[in-house]
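Notes follow once the structure below has been shown.
The values are calculated or read from the model by the stated rules, or taken from the named source; none is laboratory data. Computed from a prediction, not measured in an experiment: that's the story for all the values here. Every residue, glycine among them, receives a Cβ derived from its backbone with ideal geometry; neighbour counts consider all protein chains shown. Side chains are part of the model used for accessible areas, which takes the heavy atoms of the whole protein and leaves out ligands, DNA and RNA. Shrake-Rupley method; radii C 1.70, N 1.55, O 1.52, S 1.80 Å.
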Amino acid sequence: MPLTLFNSLTRRKEVFEPLDPERVRLYVCGPTVYDRAHIGNGRAFVVFDVLYRLLRDAYGPGHVRYVRNITDIDDRINAAAHANGEPIAALTARTTEAFHQDMAALNLLPPDVEPRATGHIPQMIAMIERLIATGHAYAAEGHVLFEVAKDPEYGRLSGRDRDEMIAGARVEVAPYKRDPADFVLWKPSDPEQPGWDSPWGRGRPGWHIECSAMSETHLGETFDIHGGGIDLIFPHHENERAQSVCAHAGRPFVRYWVHNEFLTIDATKMSKSLGNFSTVRDWLDQAPGEAIRLALLSAHYRDPLDWTADRLRQARHSLDRFYRALTLPGDAVFEKFGEADQALRPVREALEDDLNTPLALTHLHELAGMTNRTSSDAERSALQNALRRGGSLLGLLERPPLEWLQGSATADAARIEGHIAERAAARRARRFGEADRIRADLAAEGILLEDKPDGTTTWWRKD
């Protein structure tokens, strides 16, 4: 079935048809590098990593261009560097490296291009000059502002009326503005702030113009998909759309806008003031990145996701089940051609239906169950193949199974297997006290056993 996506601009699901199947183009707003990515950021990046994987699978890795930017010019960066007593460049370099580490731990593929705002100042200035020349922007007191009234479609993406947009922008109604809704494209910098020479004096770009210039540079004036969290629809993406369309003589900017919903913590909005703010790194200190990734995919991206310890625990149990199915003996030599493709089809179709990751995960569980039940080595091999490939579309199940199940204990496997054999012998001899002691000793090391009804141990893992 064809890929369908919910387009935030039209507010309906649409069949995805790229402008050029040989060059599918995707842009996602990346991090503002003043602090570590929080778990809500992690959800957005994982969702669009799945979309990137699906596009690569459909069109070929060499035919998809994924751009995810780094925002390294921002007043929050300036404030954080000042508070830390460190140079801005040192803060952004350190935070960018931390972001890369966290995303790698969540098994994200790197984007094809990762432009930085500081590397695109000339392109931003050129775009602002075009907007002034066409009458869509004006200079005032060292600032340049986009004149919202000159764009008759302003508000189309967010669906907000004028009063909502002014309130939602949360900006000071400055005296140099012609209209309270006008937004900044360029602003002056004092000697303590980063700045670049421009026709309007030394200054720095506004946030919105950064993504318009970077996407134009790396994807062209019109491209296929623009993604991000739902919080970016207004004002960021609304302003991006307006300035890009006006800078390009009315030509379309983005054909499909895709946004993921919010993440809450135990049904409460995440907030530092509430003490429930948590970063990806906070959770990586408690659980493997693959489990965090699966938990983030356990709700549909357009539904709110309530992040709980139980959700994460269930994700770990699901991965245990999947990886256990991959340890069972198979016979790939006699696998029937096409069986794996047929078994994989429900997973692929779920993802092609607007990235329905919960349904795709349900189908992975079905594949694991069939793998456990079949008595045919050839059929098991085909099902395992489908399970691996389906997992890979979701960015899961790419590790050796025993590496997941046994973790750091793999190097000590011979000793552990010896204790398991001793326990089995004790149980056969009805020395149940000794058998229980061995199990308890292993549990104290974090080694968990699972027994069949007949008493034999089927597998073990490191907790």
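Overview of results
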quantity: So HIS63, is it open to solvent by 20 Å² or more (accessible area, probe 1.4 Å), within 21 Å of the chain's Cα centre (by Cα) and of a type outside the set (Ser, Thr, Tyr); calculated: yes
quantity: Which numbered condition ARG56 fails, given (1) in a loop (DSSP other than H, G, I, E, B); (2) surrounded by fewer than 21 Cβ atoms within 10 Å (Cβ to Cβ); calculated: (1)
quantity: Close pairs (8 angstrom Cβ cut-off, 6 or more residues apart or separate chains): under 21 Å from LYS187 (Cα atoms) in the stretch 72-93, open to solvent by 60 Å² or more (accessible area, probe 1.4 Å) and modelled with pLDDT under 95 anywhere; calculated: ASP74/TRP207
quantity: Total residues in the stretch 186-204, condition within 13 Å of ALA139 (Cα to Cα) and in a strand (DSSP E or B); calculated: 4
quantity: Selected residue [surrounded by fewer than 19 Cβ atoms within 10 Å (Cβ to Cβ), modelled with pLDDT of 95 or more and over 26 Å from LEU3 (Cα atoms)] from GLY168, GLY220, GLY201, GLY206; calculated: GLY201
quantity: Every residue from the stretch 415-460 that is open to solvent by 90 Å² or more (accessible area, probe 1.4 Å), at pLDDT 85 or above and not in a helix (DSSP H, G or I); calculated: ARG430, ARG431
quantity: Number of positions in the stretch 74-89 that are crowded, with 20+ Cβ neighbours inside 10 Å and in contact with an Asp or Glu (Cβ under 7 Å, 6 or more places away or on another chain); calculated: 0
quantity: Pair list, Cβ under 8 Å, 6 or more apart: the stretch 32-52 residue under 26 Å from GLY275 (Cα atoms) and among the β-branched types (Val, Ile, Thr), other residue part of a strand (DSSP E or B) and open to solvent by 10 Å² or more (accessible area, probe 1.4 Å); calculated: ILE39/LEU263; ILE39/ILE265; ILE39/THR279
quantity: Every pair of residues 6+ apart whose Cβ atoms lie under 6 Å, when the first sits in the stretch 285-301 and is touching a residue at least 40 places away in the same chain (Cβ under 8 Å) while the second is in a helix (DSSP H, G or I) and of a type in the set (D, E, K, R); calculated: LEU296/ARG43
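Every residue, every condition in (1) under 28 Å from ILE77 (Cα atoms); (2) in a helix (DSSP H, G or I), yes or no:
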{"site": "GLU210", "(1), (2)": "yes, yes"}
{"site": "MET214", "(1), (2)": "yes, yes"}
{"site": "THR217", "(1), (2)": "yes, yes"}
{"site": "ASP224", "(1), (2)": "no, no"}
{"site": "ILE233", "(1), (2)": "yes, yes"}
{"site": "GLU240", "(1), (2)": "yes, yes"}
{"site": "VAL245", "(1), (2)": "no, yes"}
{"site": "TYR256", "(1), (2)": "no, no"}
